Structure formats: C-alpha cells, structure tokens
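The structure appears right after this line, and notes come after that.
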Amino acid sequence: MQTQAQDIPKIFPQAEDFLPINGTDYVELYVGNAKQAAHYYQSAWGFQPVAYRGLETGSRDRVSYVLRQGKITLVLTSPLQAGGPINEHINRHGDGVKVIALWVDDATYSWEATTQRGAESCLEPTTLSDEHGQVVLSGIKTYGETLHYFVERKNYQGAFMPGFRPWNPDYRPSEVGLLYVDHMVGNVGWGEMNKWVDFYARVMGFTQLVSFDDKDISTEYTALMSKVMTNGNGRIKFPINEPAVGRKKSQIEEYIEFYNGAGVQHIAVATNDIIHTVTELKNRGVDFLYVPPTYYDTVLDRVGHIDEDLTELRKLGILIDRDDEGYLLQLFTKPVLDRPTMFFEIIQRKGAKSFGKGNFKALFEAIEREQALRGTL
C-alpha cells in the first residue's frame, strides 16, 4: 500500500500546501562518467544497484544508473553522444544535480497548479508505460538550471520507471545506514535569495521555517544569508543561500564561480547512528571537513547532556547542536567532485528540527581552511 500525501500529517500549518508531496522521489545528477560515478556511490557510500538505462534498453543519447539506500534514490546520467544539453550542462557546471524529483499523487495536477502560479514548465505531463504499468512525469524550472520533476508512480510496479531495466550486478558493498534526504541546499547569486523564497511560497505553497542572516552565519572573513523553506508535512526542506558581504570570498561565491551559476550546494542525508555511518564512510575513503579538537572543550556547556560518547564524536569530528526540541549531530564532507561545488551532510536528529546554527562558525572556519588550500578564499 503506497503512501498518499493526504495521509501524511501537516506539521507546519502556516504552509498553504496546495501541492501534496509524499517526499523526495529521486535526485538526478548529470556526470561525466555514470559507470564510474555509480561505482563510487556503491563502494564509498553503500548505495545499492536498482536499475539501468542505456544502449541495451534502446536509449541512444544517454546512460543512467539508478542506486538506492533507504529512501534515497540517486540517478547518475551521462551523455552517449557529442553535443546536446547533457554535455552542455557538464561543460558549464561539472558534475552536479540536474533534477530534484518530488513524489506526488498526481503529476498532472502538480504541473497545472505550479504553472498557473507562475512556474516555467520544462516538461508537460507525460505518461511512460511498459509491462509493469505507467509513470506520469511533469516538470518545472527552478534556480539556475535545476529542475523539479513531479513523479506519479501509484500505477507502476517495476524497478524504477519505464525505459529502465533492473540492474543486478554481483558487486554489492554493504549499506552505511543512510535513511532519507533530510534537506537539499540551493546556492543562488547576490540578492536572489528572497526571489526564490517567494517562488517556493507562491508557486509551491511552502512556508519559511527559519532564516539566518550574516550575523548568524559569518566568520572574521566571510558571511552568507540563508532561509529555509518547507512544505506542510516537513518532508521537503530547501534552504536557499546567497552570499553576504565579507572581507574575503565566501563559500557561496566560490561555488557560484566554479559551478557557473546557481545550483544545489549540498544534500543532507539522515542516519539513526551517525557514529557508525561516519566511521564506515571514512573507512571507505570519504573525506570530511576537519574540526579542531578545541571545539569539543566547551561544546557540552553549550548543548548540555547527550547520549553519545563525546570521545567518539571528537575522534570523528562530528558537530553537535541543540534547539528547543532536542539536539542534532552533523558532519560535512569535502566536495565530492573535482570542482569545489557539491558536498554531502550526514545528520542525525535527536528531536531537533533546526539546522545546526550553533555550529555555523566552526563549520565555516573549516570550509575557509579548505578554500585557503585551494587559493580561492
């Protein structure tokens, strides 16, 4: 029995929420070599093989590998021919997120409701069919060249969607405990944050959950501003960042310079055991930002009692923060691509609904150390 959006309780009553969303359906990245990228996400991150599209399935212009862990589905897509929009995207941006697909009960309604409110269409409602049923897709444009697809799959029983076949390799490294996408962060240019905050409120019925200004998110050298948008049931959260004036080039400016525009900065993935997950990821070669040991000298004075062993958290560099509803544990990878653009956040929530405001200074100083090494600070 599939979840229906109306069955999911609304926890943010101020959201207009005319657009019922069940959760994140998948995240599609355009990459230079999908086969090798799939191996990386299998080997380093424990994602499991699900489906494949390529020459063998009749796809002449692109190849895609679909991987899943928990409720997180990644689609890695590469071009098979010279020229065309996928090559153009990779040439301009490097590897990066192209599609944030949202799981809905009615993709046609979702497209009609959002385009009537001013969204620019990128895909009119389209029905894909095979022997396993049908999937309805539609899509709209959002910041930069990022797209939102609406995916209706209540009448489909196949591995992923029509056009794909099951992918069953022998190679299946174990999972690392990732559960679902907690939030996805978009970086936009100077003065563009409020435009996209308004887009998510007006076009998609989201509400603002929290905001941070340059007093909250700054160091001696750099600053940024951020507002977090959420749908009513809280399953989709999109923080939107823009640069703020600082003495040196901020991480947002660096991202926009190398990505050549706005795009997805990081994907936050949830776990119920961050110590296990981060230990596994480090053992498999995933690089994380360095947190100085002095961070832990006073952290418990700030956050109070926690269930975890502080010695273990210090050893792994895991950050801790508390809000009125509980605490959270989080850690950020270094960029997972050659360009200093996209990275991942590992997060474990112990009641907290916030985003680690108390860690911003330590996090930004860690990012600045990496920027200095790259010569981009």
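No lab work stands behind these numbers, since they all come straight from the coordinates. All values derive from a computational prediction rather than experimental measurement. Cβ: placed from backbone, ideal geometry, glycine included. Neighbour counts: every protein chain shown.
DSSP bridge analysis restricted to segment 10-167 gives an antiparallel fraction near 80%, rounded to the nearest 5. Name the residue from Ser129, Pro166, Ala37 whose Cα lies farthest towards the positive end of the charge dipole of segment 5-166, charges +1 on Cβ of Lys and Arg and -1 on Cβ of Asp and Glu. Positive-end residue among those listed: Ala37. Taking the Cα centre of the chain as reference, the dipole from Cβ charges on Lys and Arg (+1) and Asp and Glu (-1) amounts to some 420 debye.
For segment 104-148 and segment 280-308, what is the centre-to-centre distance using only Cα atoms, to the nearest Å? Each part's Cα centre sits 41 Å from the other's.
Taking 7 Å steps out from each Cα toward its Cβ at Asp61 and Asn155 produces label points 2.6 nm apart. Can you tell which of Val303, Leu179, Ile252 lies farthest toward the positive end of the dipole of the chain, using +1 and -1 charges on the Cβ of basic and acidic side chains (Lys, Arg; Asp, Glu)? Comparing the listed Cα positions along the dipole, Ile252 ranks first.
Using a 10 angstrom cutoff on alpha carbons, build the Gaussian network for the chain and name the most mobile of Asp17, Asp170, Asp323. Result: Asp170 has the largest fluctuation of those listed.
Its DSSP H runs of at least 4 residues, each contributing -39,500 (n - 2.57), put the calculated 222 nm mean residue ellipticity of the chain at -6500 deg cm²/dmol, to the nearest 500. Evaluated with a Cβ-only charge set (Lys, Arg +1; Asp, Glu -1), segment 232-377 carries a dipole of roughly 260 debye about its Cα centre, given to the nearest 20.
Points 7 angstrom from Cα along the Cβ direction at Lys357 and Arg202: gap in nanometres? Going by the 7 Å Cα→Cβ label model, 2.7 nm. Computed extension gain for Lys282 through Ile306, at 0.36 nm per residue and net of the alpha carbon distance, reaches 6.3 nm. When only Cα pairs below 8 angstrom with a gap of at least 6 residues are kept, segment 178-374 shows a relative contact order of 23 percent. Counted by Cβ distance under 12 Å from Ala107, the other residues give a net charge of -4, where Lys and Arg count +1 and Asp and Glu count -1. Across the chain, the mean sequence separation of Cα contacts (distance under 8 Å, 6 or more residues apart), normalised by length, yields a relative contact order of 16 percent.
Charging the Cβ of each Asp and Glu at -1 and of each Lys and Arg at +1, and nothing else, the dipole of segment 5-166 about its Cα centre rounds to 500 debye. With the simple spin-label model, which puts each label point 7 Å out from Cα in the Cβ direction, the Asn33 to Ala372 separation comes to 3.4 nm. Counted residue by residue at 0.36 nm each, then reduced by the alpha carbon distance between them, the extension gain from Leu128 to Thr115 reaches 2.6 nm. Rounded to 0.05, the FRET efficiency of the Arg165 and Asn194 pair, given R0 = 41 Å and the Cβ-Cβ distance, is 0.40.
Give the value in nm², to one decimal: projected area of the alpha carbon convex hull of segment 178-374, averaged over all directions. That works out to 10.9 nm².
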